Amino acid sequence: METTSLQPSITDFIRSTATVLDVVREGTATTRPEICRRTGLARNLVADRVEQLLSVGLIAEGELGRSTGGRAPRSLRFRADAGRILVAELGATLVNVGITDLSGTLVASTERAIDVTAGPEVTLNYVSELMNALLGENRGADTWGIGIGLPGPVEWGSGRPVAPPIMPGWDGFDVRRFFNERYHRPVWVDNDVNVMATGEVRAGVARGHETAIYIKVGTGIGAGLVSRGKLHRGAQGAAGDIGHMAVAGSSSQGLCRCGNSGCLEALAGGSALAREAVAAADNPRSTYLRQLRRDGKELTSASVIEAARHADPVAMELLTASAALVGDALAGMVNLLNPSIIVLGGSVGRSLDLYLATVRRAVLNRSLPLATRSLQIVTSPLADRAGLIGAAYTVLDELFSPAILASWIDMGQPGELPQMTA
């Protein structure tokens with residue numbers, strides 16, 4: 001049947017339905033009149049879309065609001081409890097697994113040690129076991145989707161890691177298929193720092209900022225870039241890999257796991273701190289690190305942080321040197337992107353006030369005055385939750401996008417749809 005101006009096309013119907021759902025989900029409009037004012041959609045169209053969303057159980061009616069002269073409007077709320085999102089954020093040595101509701105609120109989570117160098121099958125089977133245990137302990141609504149963050153470059157379109165420096169054996173592995181075959185739900189996979197940046201922008205300290213940088217300094221170093229309120233992945237999903245930018249004057253130093261020398265990650269990341277800690281334990285000034293070695297403890301980046309908290313002068317110097325290099329690299333990004341906020345995360349990045357202060361000083365010293373006029377540089381308040389919350393929002397933003405919403409809105413929930421899981 002030919003579409004006329006009196007009968008909106010499927011695309012128009014879905015787009016307007018998604019628009020109404022978005023403002024109710026976000027809480028920016030909670031009555032029919034507010035939706036009309038917020039979206040500019042006609043009253044009759046809003047009424048029709050609200051009825052559609054009520055009928056499939058995506059929203060629910062609440063109490064009557066205050067009357068402004070006519071009939072009191074009834075409030076509307078998004079049914080965040082209608083489904084759940086299963087999420088995991090993998091680092092080089094730790095994994096966080098969680099369950100969120102449909103608003104991205106974390107319901108349950110667990111953290112365990114892993115070794116991504118064991119390969120994808122071993123690592124992801126263990127992650128799946130953790131997911132199953134968490135689901136068993138927290139029974140509730142159906143799982144609507146799965147979000148995964150990986151510590152390496154990920155091709156966004158396929159969800160496959162591409163030559164990840166710290167993940168031998170993972171190149172090209174179909175992570176999306178691995179989880180889809182086990183849970184029969186749509187799966188989205190992204191770089192771990194991208195999901196952390198998403199978490200901070202949607203639910204953390206960077207919320208409301210149109211242009212932001214999230215930088216993780218842990219075992220490795222990476223950045224998530226936000227422009228116009230949206231994550232900037234670049235053409236293939238590789239944007240923000242600041243850890244493999246060359247540090248000036250260090251081309252012959254610091255062999256990086258990517259195969260190059262002089263990368264920021266090789267000189268300032270957690271692995272570099274661990275390497276420096278071993279040498280520092282021979283320094284008579286480093287009483288704390290020397291004692292850790294005498295006690296038979298393995299010296300890691302966490303050892304350096306622990307020693308710095310106990311005022312070990314050499315450990316403090318190591319962290320200061322790392323922070324100065326990170327700050328110098330960020331200064332270039334500030335001049336290029338002019339963000340309004342930089343959020344430091346990762347075990348090293350958020351370790352001490354000393355680290356934050358050194359990064360802040362380097363950025364302010366090396367960036368143009370206009371670019372830093374209102375710039376905030378802060379640590380992540382979400383800490384380890386940022387990746388899980390961001391992975392959930394990655395899934396939710398896709399599920400409720402008009403193109404994908406069209407695939408399942410009539411059923412009220414996604415389920416297993418081939419066009420979403422291929």
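The values are calculated or read from the model by the stated rules, or taken from the named source; none is laboratory data. Source: prediction; values computed, not measured. Note that we place each Cβ from the backbone using ideal geometry, even for glycine, and neighbour counts take in every protein chain shown.
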Residue under question is Ser286, and the condition is that it be assigned by TED's automatic domain parsing to the domain that holds Ala357, crowded, with 21+ Cβ neighbours inside 10 Å and closer than 27 Å to Ile215 by Cα; does it hold?
no
What do you reckon, is Val116 crowded, with 20+ Cβ neighbours inside 10 Å, within 22 Å of Gly220 (Cβ to Cβ) and among the β-branched types (Val, Ile, Thr)?
yes
From the option list Val314, Val343, single residue qualifying as buried (at least 18 other Cβ atoms within 10 Å of the Cβ) and not in a helix (DSSP H, G or I) is Val343
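Of the residues Gly254, Gly262, which single one is in contact with a helix residue (DSSP H, G or I) (Cβ under 8 Å, 6 or more places away or on another chain) and without any contact (Cβ under 8 Å) to a residue 40 or more places away in the chain?
Gly254
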Which residue pairs have Cβ atoms under 6 Å apart, sit 6 or more places apart or on different chains, and have a first residue in segment 378-406 that is buried (at least 17 other Cβ atoms within 10 Å of the Cβ) and a second that is part of a helix (DSSP H, G or I) and hydroxyl-bearing (Ser, Thr, Tyr)?
Gly390/Thr198; Tyr393/Thr198; Thr394/Thr198
Checking Gly157, Gly104 in turn, the sole residue that is over 15 Å from the mean Cα position of the chain (by Cα), in a loop (DSSP other than H, G, I, E, B) and either under 21 Å from Gly224 (Cα atoms) or assigned by TED's automatic domain parsing to the domain that holds Thr300 (or both) turns out to be Gly157
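Results for (1) loosely packed, with under 15 Cβ neighbours inside 10 Å; (2) closer than 16 Å to Ile85 by Cα, shown as yes or no for each residue.
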residue	(1), (2)
Thr123	no, no
Thr143	no, yes
Gly147	no, yes
Val162	no, no
Pro168	yes, no
Phe178	no, no
Tyr183	no, yes
Val187	no, yes
Given the condition within 18 Å of Ala88 (Cα to Cα), touching a helix residue (DSSP H, G or I) at 6+ places or on another chain (Cβ under 7 Å) and outside any helix (DSSP H, G or I), answer yes or no: does some residue in segment 121-134 qualify?
no
